[in-house]
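To keep things clear, I will list the structure first and then write my remarks on it.
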Amino acid sequence: MEPRCPYAHTLDTLGSDLHAEAAHLRTHGPAVRVGLPGGVSAWSVTRADVARQLLTGNRLAKNARRHWPDWIEGRVGPDWPLASWVAVESMFTSDGADHHRLRMLTAPAFSPRRVEALRPRVRAIVDTLVGALRAAAPGETVDLHSRLSYPLPTTLICDLFGVPEEQRPEVRRVVDGVLETDASPEQARAVLDDLFAAMARLAATKRESPGDDMTSELIATRAADGDRLSEKELVSTLILMIGAGSETAVNLIDHTVALLLSHPGQLALIRSGGATWRDAIEESLRLEPPVMHLPMYFAAEDVDLGEGVLIRAGEPVLFAFGAAGRDPGLHPDRPEDFDLTRADKTHLAFGHGRHYCLGAALGVMEAEEALGALFGAFPGIELAVPEDRLRPQESFIVNALRDLPVRLEPAAGERAAVAAG
Ligand code: HEM
């Protein structure tokens, strides 16, 4: 009998306990059959060594239009809950020369040098947001997610792509919708249509009145050389860049703040100069990565992973990028501990190989600025709920918090008590 997979698991669309689910999958093989919403079956890869091996070389592809028979033959279509991850035509869903062409249109703008040049802009947004937090009364509970972690990356990416103020609420709504993994067919179809409509509207606005922004640059490229960028690719690139630039960095800031507040000894280490914000960010990326199961790759040929697992050409594969950092195969020493002094903080939070995250340097820099300003302004900041009561967002794609309740300063009475004694 040919090797297949002896085990199948339905991914929890509510993302109730992403880490437990990934740890469970890891014990069942180098790749495990998982059920996705809408009756679609895929493979989940949770082991770091297998992920690295598969993401190097050409055995997997990204373009559903060429490599996923269920999509090509219409058995899975635009009303599938995860359709917005495959129906776009951007670098994220392309291979080979197409991938290179589309990535090179935006890659130069996200080089480490260009990202460093954006630091003052990021600092200005952070200063405004942190400044507004100072109005909170001592002891008052403040939601840091909606007041800092969410507005920082979403404002920055909207600024970079020149999204007009009046279009921002709709742009934010549609990119948030992509992360919902338990949408009905009607909701899924609406998310996809609304995504394309919002970005087409942005493109139309910039065609009419171009500005000093990346949407206008992409439009100019298309006007000068339509072969380099089709209309669908233009709109898809806006969906990708604005979506990827928003959601992920939000989670990075939320989780790093939550980890530091729930591990005061580690925070003290930074305050005393024994570790850096960058150490905290890397350890947070390892332990609480912003992305868990990311849709989606497709086997370009039959892939025999051993241990009785054969992935057939055309079958979808999801990488649990967020599982790699806790893989005991990668971190045999206390993989679940948050430890800034850990010498090796390796993770796959930004992916691996050709599709490695284009915005990694930007995301890290945003988090660095947010952490430095927040902890600098509020030395007494503390979580307002126990760590295990923080509420996850309902998704198996992102490892996100719905809110982050903190007290920026202890209540007046508590302060007096501390001062007295
Ligand atoms: C800060 C936290 C972030 C995390 C954890 C993250 C995670 C990831 C991951 C795991 C991938 C790999 C996708 C794959 O192999 O399928 C990826 C790709 C990508 N990311 Fe990020 N990302 C972050 C921030 C950003 C930001 C701020 C931007 C944009 C400004 C961005 C833009 C992209 C793009 C364009 C790709 C696709 C690259 C390609 O397909 O060649 N990301 N990201």
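The values are calculated or read from the model by the stated rules, or taken from the named source; none is laboratory data. Because the structure is a prediction, the values reported are computed rather than measured. Cβ placement follows ideal geometry from the backbone for every residue including glycine, while neighbour counts extend to all protein chains displayed. These accessible areas exclude ligands, DNA and RNA; they are computed on the full protein's heavy atoms, side chains included. Shrake-Rupley method; radii C 1.70, N 1.55, O 1.52, S 1.80 Å.
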Which one of the conditions (1) part of a helix (DSSP H, G or I); (2) in contact with a Gly (Cβ under 6 Å, 6 or more places away or on another chain) does Gly322 fail to meet, given that it meets all the rest?
(2)
When residues of the range 51-65 are limited to those that are in a helix (DSSP H, G or I) and of a type in the set (Gly, Ala, Ser), the one farthest from the ligand (Cβ to nearest atom):
Ala64
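Yes or no, residue by residue, for (1) modelled with pLDDT of 95 or more; (2) in contact with an Asp or Glu (Cβ under 9 Å, 6 or more places away or on another chain); (3) among the aliphatic types (A, V, I, L, M):
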| position | (1), (2), (3) |
| --- | --- |
| Met1 | no, no, yes |
| Pro6 | no, no, no |
| Pro37 | no, yes, no |
| Arg52 | yes, no, no |
| Arg66 | yes, yes, no |
| Phe92 | yes, no, no |
Given the conditions (1) touching a Lys or Arg at 6+ places or on another chain (Cβ under 9 Å); (2) in contact (Cβ under 8 Å) with a residue 12 or more places away in the chain; (3) loosely packed, with under 14 Cβ neighbours inside 10 Å, which single one is not true for Ser16?
(1)
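One line per residue, one yes/no per condition, for (1) part of a helix (DSSP H, G or I); (2) within 16 Å of the ligand (Cβ to nearest atom):
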position: Ser84; (1), (2): yes, yes
position: Arg103; (1), (2): yes, yes
position: Ala107; (1), (2): yes, yes
position: Arg121; (1), (2): yes, yes
position: Thr128; (1), (2): yes, no
position: Gly131; (1), (2): yes, no
position: Ala136; (1), (2): no, no
position: Leu148; (1), (2): yes, yes
Of all the residues that make up the range 177-213, how many are assigned to a loop (DSSP other than H, G, I, E, B), touching a residue at least 24 places away in the same chain (Cβ under 8 Å) and surrounded by 14 or more Cβ atoms within 10 Å (Cβ to Cβ)?
7
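Tell me which residues, restricted to the range 242-291, are among the charged types (D, E, K, R), open to solvent by 10 Å² or more (accessible area, probe 1.4 Å) and within 14 Å of the ligand (Cβ to nearest atom).
First, pick out the residues of the range 242-291 that are among the charged types (D, E, K, R): 247, 254, 271, 278-279, 282-283, 286, 288.
Filter again for open to solvent by 10 Å² or more (accessible area, probe 1.4 Å), leaving 247, 271, 278-279, 282, 288.
Residues satisfying the conditions are Glu247, Arg278, Glu282, Glu288.
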Candidate set from the range 210-235 (those that are among the hydroxyl-bearing types (Ser, Thr, Tyr) and modelled with pLDDT of 95 or more); member that is nearest to Asp159 (Cα to Cα):
Thr215
For the range 325-368, give me the residue count where each residue is open to solvent by 60 Å² or more (accessible area, probe 1.4 Å) and more than 9 Å from the ligand (Cβ to nearest atom).
10
Starting from the range 337-365, keep only residues that are of a type in the set (D, E, K, R), then list their pairs with residues that are open to solvent by less than 30 Å² (accessible area, probe 1.4 Å) and more than 9 Å from the ligand (Cβ to nearest atom) whose Cβ atoms are within a distance under 6 Å, requiring at least 6 positions of separation or different chains.
Lys345/Glu283; Lys345/Arg286
Does Pro295 qualify as being more than 23 Å from Thr155 (Cα to Cα) and surrounded by fewer than 18 Cβ atoms within 10 Å (Cβ to Cβ)?
no
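I need the full set of residues from the range 307-319 which are open to solvent by less than 40 Å² (accessible area, probe 1.4 Å) and assigned to a loop (DSSP other than H, G, I, E, B), in order please.
Those that are open to solvent by less than 40 Å² (accessible area, probe 1.4 Å) and assigned to a loop (DSSP other than H, G, I, E, B): Gly308, Gly314, Glu315.
Considering only the range 25-50, state which residues are in a loop (DSSP other than H, G, I, E, B) and in contact (Cβ under 8 Å) with a residue 40 or more places away in the chain.
Gly29, Pro30, Ala31, Thr46, Arg47
Only one residue in Ile219, Ile239 is of a type outside the set (Gly, Ala, Ser) and either within 16 Å of the ligand (Cβ to nearest atom) or in contact (Cβ under 8 Å) with a residue 40 or more places away in the chain (or both), so which one is that? Outline the logic, then answer.
On the way: Ile219 fails: either within 16 Å of the ligand (Cβ to nearest atom) or in contact (Cβ under 8 Å) with a residue 40 or more places away in the chain (or both).
From the options Ile219, Ile239, the qualifying one is Ile239.
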Pull up the range 369-399, narrow it to residues that are at pLDDT below 95 and either among the acidic types (Asp, Glu) or under 14 Å from Ser149 (Cα atoms) (or both), then point me to the one that is most open to solvent (accessible area, probe 1.4 Å).
Asp388
Among the residues in the range 366-389, are any under 14 Å from the mean Cα position of the chain (by Cα) and either within 17 Å of Glu288 (Cα to Cα) or touching a residue at least 24 places away in the same chain (Cβ under 8 Å) (or both)?
yes
